[in-house]
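A.B. asks: I'd like to ask some things about the structure below.
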Amino acid sequence: MIRILLIALLLCPCTVIAQTDDARIRAVLDKQMKAWNEGSIEQYMQGYWNSDSLVFVGKSGPTYGYKETLERYKRSYSDTAKMGKLSFDILQVRQLSREYYFVFGKWALKRTVGDVGGSFTLLFRKIKGEWLIVADHSS
């Protein structure tokens, strides 16, 4: 009985850390959604890794780098009518390691110029204590 209790106590901190990381990742996505809905692509991009190694894959293929991804968003969503109101439906947040999480979900834009939506997969990495998107595949 004591052995089982000790094992449970040893596993408990890992579960708490994973739950905390899950909540932090969801908070990043929530901040992105709020920034988008306020019309701020720059604030939205704060959820991404500011690096030339960032990769975003959309319908027109891959975009490499933070600056390039920011410019892609600005070209595609040049005004608030095109941006619309963003919502996420997070279907899965899965820990891959202490440093990486995989996130799968759906996105939707309610817009006066026509609603759009799709699915996404994200790879989050913990960098300097902060969870950031290092790879995004949205379709």
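Every number in this text was worked out from the coordinates using simple rules, so none of it is lab data. Just so you know, these numbers come straight off a predicted model, no measurement behind them. Reconstructed Cβ throughout: ideal geometry from the backbone, glycine too, with neighbour counts over all protein chains shown.
A.B. asks: Just flag the GluC sites (Glu not before Pro) in region 24-74 sitting in loop per DSSP whose Cβ has no more than 16 other Cβ atoms within 10 Å.
C.D. replies: GLU38
A.B. asks: For the chain, find the longest principal axis of its Cα atoms and tell me its angle to the long axis of helix 66-76, 0 to 90°, nearest 10.
C.D. replies: Compared with the principal axis, the helix lies near 50 degrees.
A.B. asks: While we're here: Give me the extension gain from VAL116 to ARG94: residue separation times 0.36 nm, minus the current Cα-Cα distance, reported in nm with one decimal.
C.D. replies: So the chain would gain 5.3 nm between VAL116 and ARG94.
A.B. asks: If you don't mind, another one. Need one number: nm distance between label points at ASP79 and SER53, each 7 Å from Cα along Cα→Cβ, rounded to one decimal.
C.D. replies: Spacing of the two 7 Å Cα→Cβ label points: 4.0 nm.
A.B. asks: Using a cut-off of 21 Å between alpha-carbon atoms, which lysines can reach LYS128, once sequence neighbours fewer than 8 places away in the same chain are excluded?
C.D. replies: LYS31, LYS67
A.B. asks: For LYS82, list the lysines whose Cα falls under 17 Å from its own Cα; do not include residues on the same chain fewer than 8 positions away.
C.D. replies: Within reach: LYS34, LYS59, LYS74, LYS110.
A.B. asks: Considering the options THR69, VAL134, GLY118, tell which one lies farthest towards the positive end of the dipole of region 2-138, charges being +1 on Lys and Arg and -1 on Asp and Glu at the Cβ, about the Cα centre.
C.D. replies: Result: GLY118.
A.B. asks: Calculated FRET efficiency, LYS126 and ARG72, Cβ-Cβ r, R0 35 Å, to nearest 0.05?
C.D. replies: Rounded to the nearest 0.05, the efficiency is 0.90.
A.B. asks: Mind checking the dipole of the chain: about its Cα centre, +1 per Lys or Arg Cβ, -1 per Asp or Glu Cβ, Debye to the nearest 20?
C.D. replies: It comes to approximately 140 debye.
A.B. asks: While we're on this one: How far, in nm, would the chain grow between THR20 and GLN43 when pulled straight, counting 0.36 nm per residue and subtracting the alpha carbon separation?
C.D. replies: 6.0 nm
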